[in-house]
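K.L.:
A single structure is presented below for examination.
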Amino acid sequence: MDDQYDALRGRRILVVDDSTQITSLIREILRACGAEVVTVNSGQQAMVRVQVDEFDLLLLDVKMPETDGWRILMFVRDVQPELLPHTILLTGDRYHAETIHRAGQMAVPVIYKPFDVDELRAVACALLNPASGTLGAA
């Protein structure tokens, strides 16, 4: 894999999405960069993992049944606040004003589905290596 994604190598990443297809795809993309990827398909599973494990990066779907991404984000803020600046929101709703507004308030980047693989990797690397100053894609 290209050296430009070195920031992902060896990092623990939690991917949360109710779609197993999305979590599987993201897992393969990030594993190819050398990351250790844990996937879960519900908000409840995500909250358990955040409580018991440490992660370097969180990729979080906004719209999920039962426990949505916003509730998980608030949970992360309370339980593992150091993970909040290393969180990427995923959504298929490009034009939802609330998503755009809330993500902006929390300074959390949003990647829209269907996503560009290079954008996903670049934003993840930028959050893991803030000195690179390349977080303009979100």
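Derivation of every value follows stated rules applied to the coordinates shown; laboratory data play no part. Because the structure is predicted, anything quoted here is derived from the model rather than measured. Neighbour counts are summed over all protein chains in view; Cβ atoms, including those assigned to glycine, are modelled from backbone coordinates with ideal geometry.
K.L.:
Sticking with the crude label model, points 7 Å out along Cα→Cβ, report the distance from Arg31 to Ala131 in nm, one decimal please.
P.N.:
3.1 nm
K.L.:
What's the local net charge at Gly43, with K and R +1, D and E -1, over the other residues with C-beta under 14 Å away?
P.N.:
Neighbourhood net charge equals -2.
K.L.:
Compute the length gained on full extension between Glu119 and Val48: take 0.36 nm times their separation in residues and subtract their Cα-Cα distance, giving the result in nm to one decimal.
P.N.:
My answer for the length gained is 22.7 nm.
K.L.:
Explain nothing, just compute: Karplus ³J(HN,Hα) = 6.51 cos²θ - 1.76 cosθ + 1.60, θ = phi - 60°, for every residue of the stretch 19-29 in order, whole Hz, x for Gly and Pro.
P.N.:
Karplus-based 3J(HN,Hα) across the stretch 19-29 equals 8, 5, 5, 5, 5, 5, 4, 5, 4, 5, 4 Hz.
K.L.:
While we're looking at this one, here's another question. Could you size up the charge dipole of the stretch 1-119 around its Cα centre, putting +1 on the beta carbon of Lys and Arg and -1 on that of Asp and Glu, and report it in debye to the nearest 20?
P.N.:
In total the dipole reaches around 240 debye.
K.L.:
Would you pull out the residues with amide H under 5 Å of Arg11's amide H, same chain only if 5 or more places away, H placed 1.01 Å from N?
P.N.:
Counting only residues 5 or more places away or on other chains, the set is Glu36.
K.L.:
When Arg9, Arg49 are ordered from fewest to most other Cβ atoms inside 10 Å of their Cβ, what list results?
P.N.:
Arg9, Arg49
K.L.:
Quick one: give the max-minus-min coordinate of the C-alpha atoms of the stretch 1-77 along each principal axis, largest first, in Å.
P.N.:
Ordered largest first, the stretch 1-77 gives principal extents of 38, 24, 16 Å.
K.L.:
In vacuum, with every alpha carbon of the stretch 3-130 counted as one equal point scatterer, what does the Debye formula give for log10 I(q)/I(0) at q = 0.09, 0.23 Å⁻¹? Two decimals, please.
P.N.:
The Debye formula, applied to the Cα set alone, gives -0.21, -1.62.
K.L.:
Also: Could you run the Karplus curve 6.51 cos²θ - 1.76 cosθ + 1.60 with θ = phi - 60° over the stretch 104-118 and give me ³J(HN,Hα) per residue in whole Hz, x for Gly and Pro?
P.N.:
Taking θ as phi minus 60°, the curve returns x, 4, 8, 6, 10, x, 10, 10, 8, 8, x, 9, 8, 4, 5 Hz for the stretch 104-118.
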